[in-house]
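Down below is the structure, laid out as structure tokens.
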Amino acid sequence: MIWNKARECEDLEKRQHRQLADLRELCFRVYDRVPFYKRKFDEAGIKPDDIKTLEDISKIPFTTKDDMRVTYPYGLLAVDESDIREIHTSSGTTGTPVVDAYTHSDMEMWGEVMARCLCMAGGGKEDVIQNAYGYGMFTGGLGVHYGAQTIGANVIPAASGNTKRQLMLMRDFKSTILTCTPSYALFMAEVAKEMGIDFKELPLKAGVFGAEPWSDTMRQEIEDKLNLQAFDIYGLTEIIGPGVSNECSEHHGLHVNEDFFYPEIINPETGEVLPPGEKGELVFTTLSKQGTPILRYRTRDITWLWRDQCSCGRNLIKMHRLLGRNDDMLILRGVNVFPSQIENVLLRIEETQPHYLIIVDRGDSHLDEVELQVEVEESFFSDETKALEKIRKKIHDELKQELGISVKIKLVEPKSIERSMGKAKRVIDKRKL
Ligand code: DLL
């Protein structure tokens, strides 16, 4: 089933016509209401009325994660605060987060795009959707929830964690669709095995997995172990949360909800817009968002776009599953982590040196395991285990506070981590993503 045939299969010319009208309206609106954008337009020497074609979008300056951070909390708001119905922030960290503020119409739009995604995965009114994405400031839980309610399904707001209860709910309430991160899906398979639950005996038919990188090999493993069809879902807080794009049953690229989120691929070095089929950095403009509209947001995600007449009937442009990022952001257990955050914590702790190595792996549990090797300051390095244990615990606790996740700390001798003459290699990622 297609949730909104009129929009998802719309004649291309008509769609582009509306995209342009929305883009122009957006430019006038933010120029008028958001001093940040007015300044950006003025600095670039352009006026909203200079945007006369869709290609003219390339005249508009990019927006970056840093722009969003320095305008925290409400610097990008384009409506009165009293018109905001809900806010979400980027996951995990206690540093300055990125804020997404939604008006009533933004909430409706979120419900609509998520409804489309769940439909692409075969979801409908008769389904029981077990939603094991985190609820809270993270957009995953509530985003999927609104989509599930829009399609009229029964949603089980299980949230992430408490895996045994999760599996019990799945069995007893006969969940047909599972939504969570792909690594959590595999972890569930392990626990199910220990509990003696056989997925072949459950009515689960589909899984909508995203929020972190995964591969076709991992898809195969999930499909085999959980006995379902796995669909890739993509999204990001800055744009809306989940619901930006999703795979249909063809499993050949993710359809982008381009009537709401206008995608471009750029050369990350030059900023030049690249033609369909060329690999580069994904950039989005939210065409109709009211609360915190974003113009030309540089996602740092690497992929390419193409358009074909998909066998599912939709002609929404497609993006290839993500190929990686062009910054050093890691996604650990669904939490976005920058190595610089770890470095800042180490710099605050006098017993350590900021010489460190982050080793990420997926253990038997299929969940991300992170080990931080860190050098101890020469004058503090002693053989006394008790003293070292105290330092280890201090780093562990401060990192947990900063990142929101637990990291295994391994203290190493001064000068034992390899020094680099160029860009230091701080991360060894052994996950096969
Ligand atoms: O992860 C929103 C989301 C929730 C998407 C639930 C899908 C499902 P953020 O925490 O802001 O938002 O992280 C966004 O996560 O820029 C990508 O680098 C990465 N990411 C999201 N989906 C995928 C995916 C949510 N399907 C960042 N494959 C993005 C690979 C993904 N990476």
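The gain in end-to-end length when the K164 to N267 segment is fully stretched comes to 32.5 nm, 0.36 nm per residue minus the alpha carbon separation.
The label-point distance for E194 and S365, in a model that sets each label 7 Å from Cα toward Cβ, rounds to 0.9 nm. Among 26-35, 229-238, 100-109, 273-282, the peptide with the highest mean count of other Cβ atoms within 10 Å heads the list, and the full ranking is 229-238, 100-109, 26-35, 273-282.
With the other protein chains left in place, how much accessible area per residue, in square angstrom, belongs to region 1-326 at a 1.4 angstrom probe?
Numbers: 12980 Å² over 326 residues.
That works out to 40 Å² per residue.
Sorting the segments 260-271, 14-25 by their mean number of nearby beta carbons within 10 angstrom, highest to lowest, gives 260-271, 14-25.
Using only alpha-carbon positions in region 260-339, the gyration tensor eigenvalues give semi-axes of 22, 17, 15 Å once each is multiplied by 5 and square-rooted (largest first).
Computed over protein heavy atoms with a 1.4 Å probe, the accessible surface of region 342-385 works out to 48 Å² per residue. Rounded if a/c is under 1.5, else prolate if a/b is larger than b/c, else oblate: which is region 345-433, with a ≥ b ≥ c the root eigenvalues of its Cα gyration tensor? Taking the square roots of the gyration eigenvalues as a ≥ b ≥ c, region 345-433 is oblate. Backbone phi angles across region 398-413, fed through the Karplus curve with coefficients 6.51, -1.76 and 1.60 (θ = phi - 60°), yield HN-Hα couplings of 5, 5, 4, 4, 6, 9, x, 10, 8, 10, 6, 9, 10, 7, 10, 5 Hz in residue order; Gly and Pro are listed as x. Distant-in-sequence amide contacts of E375, defined by a placed amide H-H separation under 5 Å and a gap of 5 or more residues or a different chain, comprise Q353, H355, V412. Taken over the Cα atoms of the chain, the convex hull encloses 154 Å³ per residue.
How big is the antiparallel share of DSSP beta bridges in the chain, given as a percent to the nearest 5?
On the way: 39 of 63 bridges.
Antiparallel: roughly 60 percent of the beta bridges in the chain.
So, counting K/R as plus one and D/E as minus one, what does the shell of residues with Cβ under 11 Å around V244 add up to?
Details: positive: R116; negative: E238, E258, D301.
For residues surrounding V244, the net value is -2.
Cβ neighbours within 10 Å, averaged per peptide: list 408-418, 216-226 in order, most packed at the top.
216-226, 408-418
Within the listed set G75, G111, G140, the Gaussian network model of the chain (springs between alpha-carbon atoms below 10 Å) gives the highest mean-square fluctuation for G75. Computed from phi, the 3J(HN,Hα) profile of region 124-137 under the Karplus parametrisation 6.51, -1.76, 1.60 (θ = phi - 60°) reads x, 4, 7, 8, 10, 9, 8, 9, 9, 7, x, 8, x, 5 Hz, with x in place of Gly and Pro.
Can you tell me, using C-alpha contacts under 8 Å and at least 6 residues apart, the relative contact order of the chain as a whole percent?
Numbers: 864 pairs, mean separation 61.1, N = 433.
This gives 14 percent for the chain.
Suppose only helical runs count, i.e. DSSP H with n ≥ 4. What mean residue ellipticity at 222 nm does that imply for the chain under -39500 (n - 2.57) per run, divided by all residues and rounded to the nearest 500 deg cm²/dmol? The partial results should precede the final answer.
Details: 11 runs with 135 residues, N = 433.
The helix contribution divided over the chain gives -9500 deg cm²/dmol.
Each other residue within a Cβ distance under 15 Å of L228 adds +1 if Lys or Arg and -1 if Asp or Glu, for a net charge of -2.
Need one word for region 259-416: rounded, prolate or oblate. Basis is the Cα gyration tensor (sqrt eigenvalues a ≥ b ≥ c); a/c below 1.5 gives rounded, then a/b vs b/c decides. Walk me through the numbers on the way to the answer.
Working: a/c = 2.94, a/b = 2.66, b/c = 1.10.
Judged from the Cα gyration tensor, region 259-416 comes out prolate (a/c at least 1.5, a/b above b/c).
Within the accessible surface of the chain, defined with a 1.4 Å probe on protein heavy atoms only, the carbon and sulfur portion equals 50 percent.
The values are calculated or read from the model by the stated rules, or taken from the named source; none is laboratory data. Owing to the predicted nature of the structure, the values given are computational and were not obtained by experimental measurement. Ideal geometry is used to build each Cβ from the backbone, glycine not excepted, and the neighbour counts take in all protein chains shown. Side chains included, ligands, DNA and RNA excluded: accessible areas come from the protein's heavy atoms. Shrake-Rupley method; radii C 1.70, N 1.55, O 1.52, S 1.80 Å.
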